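Q: Take this structure, written in structure tokens, and hold onto it; I'll ask about it next.
A short reminder: the numbers here are calculations on the coordinates, not readings from a lab. Every value quoted in this text rests on a predicted model; they were computed, and no experiment measured them. Quick reminder, even Gly has a Cβ in these numbers, built from the backbone with ideal geometry, and neighbours come from all protein chains shown.
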Amino acid sequence: MIAFGAATHREEAAVMSAAVFRTVHRVGALVAACVLTVGLLGGWAGTAQAAPRLESSTPEDGGSIPAGGPVEIVLRFGEPLRSDDASLVLVGEDSGRRLRANVQIEGETLHGLLPEVPPGNYRASYRATTESGDTADGELSFTVSAPAVSLLGLELPSWAPTALVVLFVAIAALAVIVISAGGPRRA
């Protein structure tokens, strides 16, 4: 009887030992799955960074600048830029003409220098890499307006030269008519 009871006790101990082993194994697998999930989610959250944001530009998107000289496009970002990887291309929306700017980087600012640009609508496409390795790229549109005309220090609208030519031709035609009619009559 003792032998029988001892065997039952050993069998019960073996069954309990197997049950404890399975429970510990299951808990360990669950803990490992939780740690792995948190690690992956934390890793994804750590690598998901926002692209650098354009904080300001000159000219502003949709803005206008006067023609008649070199054009400087200034783009300011929220973090320092690498000087070895930046570009700025100006495309004439009316003409399709492409102009590549001479780019200079100063900290968080990209300066794009272009020679004289004719009046028209333009789209500036930019691309730069920050010191942290993120890429900033985008576009802005602006207009290069016809140069202002000045006469005796007064700034005239862009249509003024045409109006002055028409006025000059009208005065000349009137003078020709008066002269051909024998000049002004005296009483």
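Q: Spin-label point model (7 Å from Cα, Cβ direction): what's the S180 to E60 distance in nm?
A: Between S180 and E60, the label points sit 5.5 nm apart.
Q: Separate question: What is the pair-distance distribution P(r) of region 54-145, computed from all Cα-Cα distances in 5 Å bins starting at 0, with each bin given as a whole percent?
A: Using 5 Å bins, I get a P(r) of 3, 15, 28, 26, 15, 9, 4, 1 for region 54-145.
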